[in-house]
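To start, the structure under review is shown below, and the notes come after it.
The values are calculated or read from the model by the stated rules, or taken from the named source; none is laboratory data. These numbers come from a predicted model, not from an experiment. Here the Cβ is made from the backbone with ideal geometry for all residues, glycine too, and neighbour counts use every protein chain on show.
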Amino acid sequence: MSERVVNIFKKLILIQVFIFLCIGCSLFGLEGKKPEKSPEELMSQGMSEFRDGNYGDAVEAFQKLKDRYPYSKLAVQAELKMADALFKRKEFEEALEAYIEFERFHPKNKSIPYVIYQQGMCNFLRMSTIDRDQSSAKKALKEFERLQKEFPTNPFSLQAQRNIRKCLINLAEYEYYVGHFYFKSGHYLAALRRFEYLIKHYPDLGQYGKALIYIAICREKLAEEKSLL
């Protein structure tokens with residue numbers, strides 16, 4: 001075999017190897033792959049999106065940081081900011097879960113008073129009108145009172161105080177609404193129990209005097225019904 005033929009043969013082999021490598025890179029996604037962003041870059045991106053009001057993009061950046069770098073010192077901060085971004089998007093149920101998870105995994109973190117306050121706010125901002133179920137008001141009240149008990153001097157406890165009053169007013173108005181509904185329907189015993197519950201648990205919130213009047217009327221109606229038996 002001549003030297004010329006040998007050289008041609010070698011070139012053909014090199015071309016085949018090059019083609020194989022190119023195909024392999026394409027198949028395995030190595031061609032043109034961008035390097036992954038560092039924790040610092042992802043945090044910076046998330047904070048920038050957060051400040052610009054792009055909360056969905058902020059959540060995505062913080063989630064990537066958590067997933068890719070769970071042991072980074074920035075991962076904890078990303079967890080909290082992701083909860084804040086969800087809260088800003090008014091995705092209160094998802095935000096609540098994120099705040100609960102943060103407290104569960106970082107119970108000694110300095111941001112815990114804020115996290116408890118935000119748990120309360122996730123429920124507070126979902127409170128219904130007085131003719132609807134008040135479970136969100138009860139949950140919000142529970143978190144705000146827990147905050148005041150565990151961190152009585154913290155600034156967030158002071159912020160929670162006015163929200164506590166709003167929760168109590170909602171709950172009192174709901175009890176009055178239900179009691180009045182039973183009264184108009186002629187269910188005086190059920191109405192009496194509602195009004196009595198109201199003055200026992202929610203005094204001095206605007207419904208106390210009216211509730212006492214209805215309690216007296218309900219007792220009269222019940223006495224009349226009993227006398228007819």
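Across the range 99-124, what is the number of residues that are in contact with a helix residue (DSSP H, G or I) (Cβ under 9 Å, 6 or more places away or on another chain) and not in a helix (DSSP H, G or I)?
3
Please verify whether Asn109 is surrounded by 14 or more Cβ atoms within 10 Å (Cβ to Cβ), over 20 Å from Met47 (Cβ atoms) and in contact (Cβ under 8 Å) with a residue 24 or more places away in the chain, treating the condition exactly as stated.
Answer is no for this residue.
So if I check each of Phe87, Phe144, Phe62, Phe50, which one is surrounded by 20 or more Cβ atoms within 10 Å (Cβ to Cβ), farther than 28 Å from Glu36 by Cα and free of Cβ contacts under 8 Å to residues at least 60 places away in the same chain?
Numbers: Phe87 fails: farther than 28 Å from Glu36 by Cα; Phe62 fails: farther than 28 Å from Glu36 by Cα; Phe50 fails: farther than 28 Å from Glu36 by Cα.
Selected residue: Phe144, the only one of Phe87, Phe144, Phe62, Phe50 that is surrounded by 20 or more Cβ atoms within 10 Å (Cβ to Cβ), farther than 28 Å from Glu36 by Cα and free of Cβ contacts under 8 Å to residues at least 60 places away in the same chain.
Restricting attention to the range 149-170, which residues are over 19 Å from the mean Cα position of the chain (by Cα) and surrounded by 20 or more Cβ atoms within 10 Å (Cβ to Cβ)?
Asn170
Can you tell me which residue within the range 112-133, out of those that are buried (at least 22 other Cβ atoms within 10 Å of the Cβ) and not aliphatic (A, V, I, L, M), is nearest to Gln77 (Cα to Cα)?
So, considering only residues that are buried (at least 22 other Cβ atoms within 10 Å of the Cβ) and not aliphatic (A, V, I, L, M), the one nearest to Gln77 (Cα to Cα) is Gln118.
Which of the residues belonging to the range 50-60 are assigned to a helix (DSSP H, G or I) and more than 15 Å from Ala83 (Cβ to Cβ)?
If the condition is that a residue be assigned to a helix (DSSP H, G or I) and more than 15 Å from Ala83 (Cβ to Cβ), then Arg51, Asp57 are the ones that fit.
Would you pick out the residues in the range 12-64 that are on the phi > 0 side of the Ramachandran plot and modelled with pLDDT under 50?
Once the filter is applied, which keeps residues that are on the phi > 0 side of the Ramachandran plot and modelled with pLDDT under 50, the range 12-64 yields only Gly29.
Among the residues of the range 122-152, which ones are more than 25 Å from Glu94 (Cα to Cα) and modelled with pLDDT under 95?
Once the filter is applied, which keeps residues that are more than 25 Å from Glu94 (Cα to Cα) and modelled with pLDDT under 95, the range 122-152 yields only Asp131.
Starting from residues that are modelled with pLDDT of 95 or more and farther than 16 Å from Leu168 by Cβ, keep the ones in the range 195-211 and report whichever is surrounded by the fewest Cβ atoms within 10 Å (Cβ to Cβ).
If we take residues in the range 195-211 being modelled with pLDDT of 95 or more and farther than 16 Å from Leu168 by Cβ, then Glu196 is surrounded by the fewest Cβ atoms within 10 Å (Cβ to Cβ).
Going by what's in this entry, would Ala137 be described as in a helix (DSSP H, G or I), touching a Cys at 6+ places or on another chain (Cβ under 7 Å) and not hydroxyl-bearing (Ser, Thr, Tyr)?
So Ala137 passes the test.
Tell me whether the range 78-98 contains one or more residues that are of a type outside the set (D, E, K, R), part of a loop (DSSP other than H, G, I, E, B), under 24 Å from Tyr117 (Cα atoms) and in contact with a helix residue (DSSP H, G or I) (Cβ under 7 Å, 6 or more places away or on another chain).
First, the residues of the range 78-98 that are of a type outside the set (D, E, K, R): 78, 80, 82-83, 85-87, 92, 95-96, 98.
In the following step, the residues that additionally are part of a loop (DSSP other than H, G, I, E, B) were identified as none.
No, there is no match, as no residue in the range 78-98 is of a type outside the set (D, E, K, R), part of a loop (DSSP other than H, G, I, E, B), under 24 Å from Tyr117 (Cα atoms) and in contact with a helix residue (DSSP H, G or I) (Cβ under 7 Å, 6 or more places away or on another chain).
Counting residues that are under 18 Å from Ala137 (Cα atoms) and among the polar types (S, T, N, Q), which helices (runs of 4 or more DSSP H) fully inside the range 152-227 reach at least 1? Show your work before the answer.
Working: elements: 155-184, 188-201, 208-227.
Counting at least 1 such residues, we get 155-184.
Name the pairs whose Cβ atoms lie under 6 Å apart, with the first residue in the range 168-189 and in contact (Cβ under 8 Å) with a residue 24 or more places away in the chain, the second part of a helix (DSSP H, G or I) and charged (D, E, K, R), and 6 or more positions between them or separate chains?
Matching pairs, first to second residue: Glu175/Arg194; Gly179/Arg194; Tyr188/Lys221.
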